[in-house]
1. Among the numbered criteria (1) modelled with pLDDT of 90 or more; (2) closer than 30 Å to C169 by Cβ; (3) buried (at least 16 other Cβ atoms within 10 Å of the Cβ), which single criterion is violated by A82?
2. Specify which of the listed residues (L418, L414, L405) is in a helix (DSSP H, G or I), farther than 24 Å from Q85 by Cβ and among the aliphatic types (A, V, I, L, M).
3. Does V352 fit the bill of being assigned by the TED database to the domain that holds H274, more than 19 Å from K154 (Cβ to Cβ) and in a helix (DSSP H, G or I)?
4. So, in the range 98-143, of the ones that are assigned to a helix (DSSP H, G or I) and among the hydroxyl-bearing types (S, T, Y), which residue ends up modelled with the lowest pLDDT?
5. Give me a count of the residues in the range 367-392 that are part of a loop (DSSP other than H, G, I, E, B) and touching a Cys at 6+ places or on another chain (Cβ under 6 Å).
6. Looking at G340, G291, G330, which one is more than 20 Å from the chain's Cα centre (by Cα), in the same structural domain as K87 (by the TED database), farther than 24 Å from H458 by Cβ and free of Cβ contacts under 8 Å to residues at least 40 places away in the same chain?
7. When you go through (1) surrounded by fewer than 15 Cβ atoms within 10 Å (Cβ to Cβ); (2) more than 19 Å from T416 (Cβ to Cβ); (3) more than 21 Å from the chain's Cα centre (by Cα); (4) at pLDDT 90 or above one by one for L380, which number turns out not to apply?
Amino acid sequence: MAFRNRHFFFSIPFFTFLLLLFNIAHAGFQPVLQETKPIDFVENVLEPSENYCNPSGQIEDTCCDFRSVEELQRDAFDKIQALVQSKFFRYYKINLWRECPFWNEDGFCMNRDCAVETTDESSLPEEWRQPALSAVQISPKGSGFQPFQECQYKDQDFCLLNDEFDSECVYVDLTENPERFTGYAGQSSARVWNAIYRENCFNVVDKMTEGCHTCNNQLGQKTSTATSPNFASVPSNTDQLRHFLSDMAEKPDEGDEEVCLEKRVYYRLISGLHSSISIHICDEYFDQNTGQWKQNLDCFVNRIGSHPERLQNIYFTYAVVVRAVQKLGGYMKAYNFCTGDDKEDQETKNAVLDLINTFSSCPTTFDESTMFQGPDAKSLKLEFRDHFRNVTSIMDCVGCEKCRLWGKIQTTGLATALKILFSYEEDSLDPLRNPGLLQRTEIVALFNTLNRFTESLHAIERFRELYYERSHPASQVKDVSFIYSLLSKGAAQLESTLAQWNIPLPSVMRRLLETLIPSH
């Protein structure tokens with residue numbers, strides 16, 4: 001039989017090839033979870049296929065893999081975004097002007113983007129205001145007591161909490177003070193991260209970054225200035241990407257037995273936090289040439305994307321925070337949100353429980369029961385806790401007011417996650433039986449920290465798309481569209497021809513046709 005459509009013969013090989021790929025993709029193959037190679041991992045993050053390929057493999061020291069975490073993030077993204085806009089979670093009480101306890105900090109940022117706008121307490125629920133908090137209350141036995149006057153630390157705390165009785169604390173509307181690029185950099189910033197990594201990280205930084213030629217950037221010893229970022233340009237040619245990454249990439253840690261699980265987890269949490277903050281800066285970067293805020297792909301690849309360890313630690317820290325939120329489900333179900341409006345209280349509770357149910361629908365992301373089990377468990381746990389307390393206090397040494405705000409929120413959020421995971425059994429997390437377990441500031445910090453890590457993973461997807469656009473110019477996209485058009489015409493001709501021969505179209509082929517031609 002002769003075929004008059006000259007595109008038919010051209011499109012058959014393409015159709016057959018796609019059909020083979022389709023069968024392979026639907027054969028039910030499930031890869032074994034395994035550690036990814038550094039360059040392959042970064043390429044998987046940056047270089048998408050048609051559906052923007054996700055990184056794959058096991059996240060070390062967790063119970064999940066990269067793809068599961070990205071899917072979980074997508075499911076939770078809109079929910080956590082809406083939640084942090086609510087009254088209960090958008091207002092945070094904080095002392096922004098506590099003196100640095102470790103050195104004289106005289107490098108305070110004078111840039112207007114560093115400033116924080118505070119909120120007048122008169123616009124807040126009465127229960128949150130200073131007079132209500134500082135009032136002397138009478139116990140059922142008649143004795144006077146002030147419930148907010150207490151020690152700065154409890155044994156279970158992994159951070160220095162703001163005393164809600166403190167008159168120097170102010171409320172901040174977090175939606176009016178977003179975390180973004182402020183220009184804060186240089187020696188002041190480097191000193192903060194050096195104090196964290198070199199003095200409060202169990203002295204494992206060198207071991208955990210062995211083979212790394214660019215880790216000084218993470219330690220703050222080589223930082224770009226605000227006026228001269230000096231980011232290496234990411235190549236648009238995908239063939240050059242591997243060479244670029246090989247030149248910049250570091251060797252990730254391989255879980256060396258010389259570094260115990262607890263110390264590895266601690267380091268990954270700190271690195272994950274630092275890397276997530278860097279992504280926020282690159283995601284909302286101020287271009288001084290244009291005066292506009294935009295995503296900076298070169299910033300992302302130089303600071304994060306070319307370093308597999310840093311990328312992996314963002315996923316790791318997200319998995320740990322998700323596990324803490326999962327464990328807090330029963331506590332939040334009985335929690336009184338006190339927004340001053342019963343209807344809003346219930347709506348907030350419903351939104352929180354809906355988010356937690358999203359996380360509970362998947363397997364546990366992190367197993368805290370494996371931690372602190374050896375002969376030195378008690379002393380190691382105390383050292384772990386005290387180091388993290390120091391990290392939260394070091395945030396008072398940050399010279400940028402807005403950076404200090406978000407540094408304190410996120411270190412407090414991580415500290416709250418650690419407190420939930422390692423200080424309490426699940427059945428003791430009950431606000432009715434144990435009403436003093438968590439302050440409101442801890443809950444607000446935890447969920448806002450979860451949101452920041454969710455936004456970091458979401459930003460990785462956007463940077464993936466930016467790289468795709470850079471590596472696939474419009475002319476190439478046009479060529480692909482032309483081939484796609486020919487392929488669609490050939491597919492339609494094939495279906496028509498099979499119908500003339502009274503040959504039924506196989507279901508697998510029909511699904512492919514429906515993908516190519518929506519009208520089928």
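1. (3)
2. Details: L414 fails: farther than 24 Å from Q85 by Cβ; L405 fails: farther than 24 Å from Q85 by Cβ.
Only one candidate qualifies: L418.
3. Details: assigned by the TED database to the domain that holds H274: yes; more than 19 Å from K154 (Cβ to Cβ): yes; in a helix (DSSP H, G or I): yes.
Here the answer is yes, as V352 does meet what is asked.
4. The first filter runs over the range 98-143 and keeps only residues assigned to a helix (DSSP H, G or I), leaving 112-114, 121-123, 126-128, 130-134.
Now narrow it down to the ones that are among the hydroxyl-bearing types (S, T, Y): 122-123, 134.
Values: S122: 83, S123: 83, S134: 49.
My answer is S134.
5. In the first step, residues of the range 367-392 are kept if they are part of a loop (DSSP other than H, G, I, E, B); the result is 367, 371-376.
Cutting the leftovers down to touching a Cys at 6+ places or on another chain (Cβ under 6 Å) gives us 367.
Residues meeting the conditions: 1.
6. Working: G340 fails: free of Cβ contacts under 8 Å to residues at least 40 places away in the same chain; G330 fails: free of Cβ contacts under 8 Å to residues at least 40 places away in the same chain.
Every option except G291 fails the conditions.
7. (1)
The values are calculated or read from the model by the stated rules, or taken from the named source; none is laboratory data. Since the structure is predicted, the reported quantities are computational estimates derived from the model, not experimental observations. Cβ coordinates were reconstructed from backbone atoms using ideal geometry, including for glycine residues, and neighbour counts include every protein chain displayed.
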